[in-house]
Amino acid sequence: MSKFNVGSVTRFYVPLLLQGFSQSLAYPLVAGIVTHGAMGVDALTAFSQGQMVMFMIGAIGGGLITTGLVFAKTWVGYVAFKRLNALMMSVLLAIQCIAAMPPFSDWIFSGLFNLPPELSRIASRTLLFGTVMNGFFFLRNVPMVVLFDSLESAKANYATLIRLVATFALAVSFPQMGLVGPRWGLVALTFGVGVELVATWLFARPYVARLPNRPQIEDARSLPDIPRLTLEQFRFTLPLSLGGFLLMLSPVAIAAFVGRTVDPKDMLAIHYVTIGVANPVAFAALRMQTVAIKFPPEYAGDRRLLAYAVVAGLILGVVPLAFSTPLIGGWYFGMYQNVPPRIIPTACMAVGIYSLLPVVQAVRARVEGLAALAKRPKAIMAGQIAYTASLFAVCSSLLYLGAPGWAMAVTAIFIAPICVTVTIYAVLAIAGE
């Protein structure tokens, strides 16, 4: 067990923070490729919705990292985790391919999202060819877990920074070569993730060799029953997977509700360009879950990490706050994202409100880490069910009241993680944790 002090926690968390931030930063970078195509910012709506469905399917395996941190600390646990990761990847990528084919793609994009035919085609192609990138994400789980378990978050971050550099290079060079639109945006994203996967594996190899209880070649047949251990890990992952699916269903729900408000194209454009700024810092704040697992409470009532999470969230909130200013926000939304001038002031206001979101997400991540440490995945699932239920309740209420689409999205995205936090605390309190 790692002992808490501000220095050691910061040394572990800052690389995780940068990794979460830089991973999400790749998407607004690539948005510049997409929006400068023939269909402008409307293409970003379709591109984002295709990726949203991809991430929703991938989220069924969203509990794998947490499972690896809990179980893959020995060679046997690592081998079982690799098998579980490969099995879930195969099944989920097959589901993604099926969802991208008619009639399912028509039901999703033309029906649920209410996209016109030309945008529906972009979304379905993004979903289909996104299987390569989603596969890379699954393969990355294994070396990522090894690095986190070895407290080598900095090396995981280096791999992500390499990805970001590769993606940035393509984001700059592709438009200069006339390679714009959703197709080339997806190529840039996929290439960056592939580079990150290779780098992560190279960094993790020495630590795999040092895993405890690794048998010699002649003793390989003495390994315990790997299928039994894989099944045990799957049972732990299952509640997290169901909860992760429900969690990723939330952006789909938001898009479906926002698409039915007044001026849906403008409202969706505001939502996607502002969430592209808010997501990097929100995901950076969510890395506090890994910190909570590696730095558990040392005595009853130990809330030092909770205070740390609040301060970290406030610092992260400076980023979206900066994008709410006319200087930075005006350039980013107007010049880089090619947003129509009429909605730039609203976009700046929305992203400014998002500056408090990292605090909410960091506190939520900390209690999720405590639930994982206690091996209470059902508590995490209960929180994620609360997330989805509250989001639906807020969106349906605000739609009925005639609220603008962007305000509906911002309100739901704030209230939902608060409901997660309260629910998990309540479940852990009932269980006596």
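Under 7 Å between Cβ atoms, at least 6 apart or on separate chains: pull out the pairs that start in region 26-55 with a residue that is modelled with pLDDT under 80 and assigned to a helix (DSSP H, G or I) and end on any residue that is surrounded by 24 or more Cβ atoms within 10 Å (Cβ to Cβ) and among the basic types (Lys, Arg).
Pairs found: 26/163.
Looking at (1) in contact with a helix residue (DSSP H, G or I) (Cβ under 8 Å, 6 or more places away or on another chain); (2) more than 24 Å from residue 289 (Cα to Cα); (3) in a helix (DSSP H, G or I), which one does residue 338 not meet, given that it meets all the others?
Result: residue 338 passes all but (3).
Inspect region 326-344 for any residue being out of contact with any Pro (no Cβ under 7 Å at 6 or more places or on another chain) and on the phi > 0 side of the Ramachandran plot and give the result as yes or no. Spell out how you get there, then give the answer.
Keep residues of region 326-344 that are out of contact with any Pro (no Cβ under 7 Å at 6 or more places or on another chain), which gives 326-333, 335-344.
Remaining after also requiring on the phi > 0 side of the Ramachandran plot: 338.
Yes, that holds for at least one residue.
Each row is one residue, and each column tells you yes or no for (1) modelled with pLDDT of 90 or more; (2) part of a helix (DSSP H, G or I); (3) crowded, with 24+ Cβ neighbours inside 10 Å.
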residue	(1), (2), (3)
380	no, yes, yes
383	no, yes, yes
397	yes, yes, no
403	yes, no, no
416	yes, yes, yes
420	yes, yes, yes
426	yes, yes, no
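If we scan region 303-313, do we find a residue that is at pLDDT 85 or above, of a type in the set (Lys, Arg) and outside any helix (DSSP H, G or I)? Please lay out each step first, then the result.
Filtering region 303-313 down to residues at pLDDT 85 or above leaves 303-313.
Then drop every residue that is not of a type in the set (Lys, Arg), which leaves 303-304.
Adding the requirement that they be outside any helix (DSSP H, G or I) leaves 303.
Yes, region 303-313 has at least one match.
Can you tell me which residue is least open to solvent (accessible area, probe 1.4 Å) among those in region 61-74 that are within 21 Å of residue 94 (Cβ to Cβ) and at pLDDT below 85?
Taking the candidates together, the pick is 63.
So, of the residues in region 75-88 that are among the aliphatic types (A, V, I, L, M) and open to solvent by 10 Å² or more (accessible area, probe 1.4 Å), which turns out to be farthest from the chain's Cα centre (by Cα)? Lay out the reasoning, then the answer.
Narrowing region 75-88 to residues among the aliphatic types (A, V, I, L, M): 76, 79-80, 84, 86-88.
Then keep just the ones that are open to solvent by 10 Å² or more (accessible area, probe 1.4 Å); that gives 76, 79, 86-88.
Numbers: 76: 28, 79: 25, 86: 20, 87: 21, 88: 18 Å.
Ranking the candidates gives 76 first.
Could you tell me which of the residues 264, 297 is under 16 Å from residue 8 (Cα atoms), touching a residue at least 40 places away in the same chain (Cβ under 8 Å) and surrounded by 15 or more Cβ atoms within 10 Å (Cβ to Cβ)?
On the way: 264 fails: under 16 Å from residue 8 (Cα atoms).
When all the criteria are applied, what remains is 297.
List every residue pair whose Cβ atoms sit under 8 Å apart, with the two residues 6 or more apart in sequence or on different chains, where the first one lies in region 373-392 and is within 13 Å of residue 426 (Cα to Cα) and the second, anywhere, is open to solvent by less than 60 Å² (accessible area, probe 1.4 Å) and of a type in the set (D, E, K, R).
Taking only residues 6 or more apart or on different chains, the pairs are 380/368; 383/364; 383/368.
Within the set of pairs 6+ apart or on separate chains, which have a first residue in region 208-229 that is of a type in the set (Ser, Thr, Tyr), a second that is at pLDDT below 80 and assigned to a loop (DSSP other than H, G, I, E, B), and C-beta atoms under 7 Å apart?
222/215
All but one of (1) crowded, with 22+ Cβ neighbours inside 10 Å; (2) among the β-branched types (Val, Ile, Thr); (3) without any contact (Cβ under 8 Å) to a residue 60 or more places away in the chain hold for residue 91, so report the exception by its number.
Every condition holds for residue 91 apart from (1).
The values are calculated or read from the model by the stated rules, or taken from the named source; none is laboratory data. Treat the numbers as computed from the prediction; the structure is a model and nothing was measured. Backbone-built Cβ (ideal geometry, glycine too); neighbour counts: all protein chains shown. SASA here: full protein model, heavy atoms, side chains in, ligands and nucleic acids out. Shrake-Rupley method; radii C 1.70, N 1.55, O 1.52, S 1.80 Å.
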